[in-house]
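Single-structure report; data block below.
Computed from the coordinates by the stated procedures, all read-outs in this text should not be read as laboratory data. Keep in mind it's a predicted model, so treat the numbers as computed, not measured. Glycine also receives a Cβ, built like all others from the backbone with ideal geometry; neighbour counts cover every protein chain displayed.
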There are 2 protein chains.
Amino acid sequence: MVIVQQILRGSVADKLESPTDVMTTDPSQSKMLETGHEFLPKFDDKGLLSAVVIDDTTSNVLMVAFMDAEALTATRSSGLAHFHSRSRGKLWQKGETSGNVLRVQSILVDCDQDAIVLRCKAAGPTCHTGATSCFYRVLENDRLESVVD
Amino acid sequence: MVIVQQILRGSVADKLESPTDVMTTDPSQSKMLETGHEFLPKFDDKGLLSAVVIDDTTSNVLMVAFMDAEALTATRSSGLAHFHSRSRGKLWQKGETSGNVLRVQSILVDCDQDAIVLRCKAAGPTCHTGATSCFYRVLENDRLESVVD
């Protein structure tokens, strides 16, 4: 699996817009990623993929972070969301100190397998600020205003 | 603004879990990003931030991509979602060839301003495969299965 991941890493265009774009990559590889049943997570040149956490009840976006292979494995084996901290350069389990863990209900995978969605049940506020979601502000006329629930 | 962005780039922990973690960064800078009304997008060392597109009607995740400052400016000025293609190294407007543009209804910003959510009305299928969303598969017992709408 490690070998497969290394081969796939960064080898397929990140987001393809048109048939012309698709042809700039290996069509058979794109097709395998897009239509196959095999989970072949495509990590970028830093070994990361994007992970979006959605509240399984409200469908609100709770947070966005990155996963490496270690975080993905830990998430799948424990059922609790784990990520890779880019600033600290290490694995972290969401809620490991606060107790506000994210219990993964389902994992969605995008077309080229470089991004995943975790639908989760949150044990408490997801944001370290105490907000339910990290996305607690909306951009309005160049200013950030609180989201009204 | 460019100077501010350069100062902020990568200088605040990407996702902070606990008060202890918060103290490893400049508290005044974290507070400004988290509680201020100023939009200070924090780009990573490649000049990118994460952008999650949500269907404004269904709240489903349509796609995940990256934006640089150019894509963010183009999005805000046109009202149509633009991204930065990492593989092609350039700006692209979603739907520029297919016509399936994403009309931005609102922009949400996360706590440390390194990720945004675009709530959009989609003119057609978002995925280049023809699927409504790029997240058309769910991981079940190590296999990718089609999402049942």
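Just to check I understand the Karplus step: with θ = phi - 60° and J = 6.51 cos²θ - 1.76 cosθ + 1.60, what whole-Hz values come out for the stretch A:124-137, glycine and proline as x?
Values per residue, Gly and Pro as x: x, x, 7, 6, 5, 7, x, 6, 4, 10, 5, 8, 9, 10 Hz.
What is the set of long-range amide H partners of residue B:62 at a cut-off below 5 Å, with H atoms built 1.01 Å from backbone N?
Under 5 Å from the amide H of residue B:62 lie the amide H atoms of B:53, B:54, B:55, each far enough along the sequence or on another chain.
Long-range amide H contacts for residue B:133: which residues qualify at under 5 Å (H placed 1.01 Å from N, peptide plane, sequence gap of 5 or more or a different chain)?
B:126, B:127
Sum up the charges of everything whose Cβ sits under 15 Å from the Cβ of residue B:78, counting Lys and Arg as +1 and Asp and Glu as -1, but leave residue B:78 out. Provide the component values of the computation, followed by the final result.
Numbers: positive: B:76, B:94, B:103, B:121; negative: B:70, B:96.
In short, +2.
Counting Lys +1, Arg +1, Asp -1, Glu -1, what net charge surrounds residue B:53 among other residues with beta carbon under 9 Å of its beta carbon?
Combined, the nearby Lys, Arg, Asp and Glu give +1.
List the distances, in nm to one decimal, from the label point of residue A:98 to the label points of the same position in every other copy, shortest first, placing each label point 7 Å from Cα along the Cα-to-Cβ direction.
Its label point is 3.5 nm from the equivalent points in the other copies.
Take A:83, A:43 and order them by how many other Cβ atoms sit within 10 Å, fewest up front.
Lowest count first: A:43, A:83.
Using each residue's phi in the stretch A:44-58, evaluate 6.51 cos²θ - 1.76 cosθ + 1.60 at θ = phi - 60° and report the 3J(HN,Hα) Karplus result to the nearest Hz, with x for Gly and Pro.
For the stretch A:44-58, the Karplus-derived couplings read 7, 5, 9, x, 10, 10, 7, 10, 10, 9, 10, 5, 5, 8, 8 Hz, x marking Gly and Pro.
Measuring nothing but label to label, 7 Å from Cα along Cα→Cβ, what are residue B:142's distances to the other copies in nm, shortest first?
Inter-copy label distances (nm, one decimal, shortest first): 5.6.
For the stretch A:108-122, in order, what is each residue's ³J(HN,Hα) by Karplus, 6.51 cos²θ - 1.76 cosθ + 1.60 with θ = phi - 60°, in whole Hz (x at glycine and Pro)?
Taking θ as phi minus 60°, the curve returns 9, 10, 8, 3, 9, 6, 10, 8, 10, 10, 9, 8, 10, 9, 8 Hz for the stretch A:108-122.
Counting partner chain Cβ atoms within 10 Å of every residue's Cβ in A:68-80, what's the average?
Mean shielding count: 0.
List the distances, in nm to one decimal, from the label point of residue A:38 to the label points of the same position in every other copy, shortest first, placing each label point 7 Å from Cα along the Cα-to-Cβ direction.
Spelled out, the distances from residue A:38's label point are 5.1 nm.
Using the reciprocal of the averaged 1/r over all distinct C-alpha pairs, how large is the Kirkwood radius of the stretch B:30-149 in Å?
Working: mean 1/r = 0.0658 Å⁻¹.
Computed over the stretch B:30-149, the radius equals 15.2 Å.
So for the pair residue B:45, residue A:87, with labels modelled 7 Å out along Cα→Cβ, what separation do we get in nm?
Computed distance between label sites residue B:45 and residue A:87 equals 1.5 nm.
Counting only other chains, and only Cβ atoms inside 10 Å, what mean value do you get across the residues of B:131-144?
Averaged over the peptide's residues, the number is 6.
Summing Lys, Arg as +1 and Asp, Glu as -1, what charge do residues with Cβ under 12 Å from the Cβ of residue A:122 carry, residue A:122 excluded?
Charge balance in the 12 Å sphere: +2.
If we count other beta carbons within 10 Å of each Cβ, what is the order of B:30, B:146, fewest first? List each step's numbers first, then the result.
Numbers: B:30 22, B:146 10.
Least to most surrounded, the residues fall as B:146, B:30.
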